[in-house]
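Quick notes on the structure that follows.
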Amino acid sequence: MLHGISSGSNAVSWIHAILNQSPEIALFLSLAIGYWIGRFQFGKFQLGGVAGSLLAAVLISQLGVHIDNGVKSVLFALFIYAVGFESGPQFFRSLGRQSIREIVMAVVLAVSALVTVVVLARSFGLDKGLAAGIAAGGLTQSAIIGTAGSAIAKLGLSAEEVQRLQGNVAVGYAVTYIFGSFGAILVCVNLLPWFTGRGIRDDALKAEAALLAGVKVYGPGEHPAAPDLVGRLFRVEQSAGQTVAELEAQAGAAVSVERIKHAGSLIGVEPLVRLERGDVVLLVGRRAGLVDLAARIGPEMQSSEGMDVVTLTRDVAVTNQAYVGRTIAEIREATAPEMRHGVFLAALRRGGQPVPIQPTARVESGDVATLYGAAGDVQRAANAAGTVIVPSDKTDFVFHGLGLALGLLVGLAVVRIADVPLTLGSGGGALLSGLLFGWYRGRHLAVGNMPTGASTLLRDLGLAGFVAVVGLQSGQQAVTTVLQQGLTIFLLGVVVTVLPLLITMVVGKYLLRYDNTAVFAGALSGSRSANPAFGEVLDKAGNSIPTTPFAITYALANVFLTLLGPLIVAFA
């Protein structure tokens, strides 16, 4: 028996030594175990990879692991910058009167949190340090530690008492932070859909469909069985005697003649070339125009030697001022026939969102037009319209490295209002920078490329890694303090975590009238600056719909919740 105990102790010591020598093992092990745990589903409840990583990290932390704070800061900066970059164009378009609800959400949560902490402190006889620590951990707003500590130092107390109270801030924070992260996930991801009666994923798809304005967007590897733009071969019979221009005019510019074979030989395609019986023509254009024109030409052919034409698509950022501010119909009417011949507008996007291709649709500067046709025709039209966007799987690290550096630099700035320090912090700075650089990229598509896969990796690894580091750093201290102090502090932290979220959730549904659960979840998680919860909301949504409301409330929450530190010290 003693031998077995000794062997177990030796194994723990060996693991402890390994994790101290290479703490990154603990980080990636937390991710692996956490995402494995997160796959399990209990009815409609599923923990998810982020919350699973947090729990796994807390367990692993009991073995004794030290990870530098810099790792946590880097991972979170990558996550929040990628989120901002993806949603930058949409975020700035959404600012205005329509953001009033998000502002109210952030105010309601901050006020309800302040009242909750003060009432609990007075009811349970908590000192100012413990009260502020419970607020910092229960609301996962680490900045409260700094603002509360500064306020305590100015109370005119003895040095020993100031040190004791400031130490209690850290104790309260350590005990409550874990559930502060976990509880926000439970409320925003699991309780909110039950409360609204609708799923995050379903409403995210609904909101995305509204943004797309009915435009069908295909996923990777998906293609329509009957594409809108097609090419077909015909043998000329009924249309014999017509010129190329006359034949194309019958389709209303929806079809172009790309090749003509006369007496077995290819001839040049010119508007005045007259078609003869037995000629073979290749028509390219919109399916509706080709179907309408087919019966007027002659029988369709399966193939004909030498009649193949390679077509391509090119994305072009519209910068030509002759096109900006005009409708599609006006642009086509003003463009010379030889310039527009053989070129078709396959898609139009603005800020990453499709714009329905209607004659009355107006083109704006920075819109991305997808042109379809033969290589020479498309290149000619693309050069005239603006800047050709060359597809690439490379990330522009010059652009994004500068974006992250500037964001972190902004996060260092501190503004003092009545001796209260206000700062965005590294997270807020990186988010702001991501939004600005994403907006700039949306208007200047020749720079700042970041493939979707790269952005997804930054988001997923950044958030899950950040949460895992939090668990590894705080887990051991939290468990130890709970055992020493009892469950009172922990349970009070649960109330501080859950009650303000519930109050804000009720206000959001019945007063602010949120009717989309995905948007609601983004705003709710942002109003609590609950990054892990937001990560899970994004994962459930499957698209970026929750990002804009989150970005607005998150920016406000970083200011409002930071202000709670001195207010709690003053009123608790």
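Structure notes:
- Selection status of Glu305, modelled with pLDDT under 80 and over 30 Å from Ser392 (Cα atoms): no
- Residues of segment 520-546 that are surrounded by fewer than 24 Cβ atoms within 10 Å (Cβ to Cβ) and modelled with pLDDT of 80 or more: Asp539, Lys540, Gly542.
Residues are listed down the side, and each one gets a yes or a no for (1) surrounded by 14 or more Cβ atoms within 10 Å (Cβ to Cβ); (2) in a loop (DSSP other than H, G, I, E, B); (3) of a type in the set (Val, Ile, Thr); (4) under 35 Å from the mean Cα position of the chain (by Cα):
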{"site": "Leu114", "(1), (2), (3), (4)": "yes, no, no, yes"}
{"site": "Leu126", "(1), (2), (3), (4)": "yes, yes, no, no"}
{"site": "Ala131", "(1), (2), (3), (4)": "yes, no, no, yes"}
{"site": "Gln141", "(1), (2), (3), (4)": "yes, yes, no, yes"}
{"site": "Ile145", "(1), (2), (3), (4)": "yes, no, yes, yes"}
{"site": "Gly149", "(1), (2), (3), (4)": "yes, no, no, yes"}
{"site": "Leu155", "(1), (2), (3), (4)": "no, yes, no, no"}
{"site": "Glu160", "(1), (2), (3), (4)": "no, no, no, no"}
{"site": "Arg164", "(1), (2), (3), (4)": "yes, no, no, no"}
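The values are calculated or read from the model by the stated rules, or taken from the named source; none is laboratory data. Values in this document were obtained by computation on a predicted structure and should not be read as measured data. Reconstructed Cβ throughout: ideal geometry from the backbone, glycine too, with neighbour counts over all protein chains shown.
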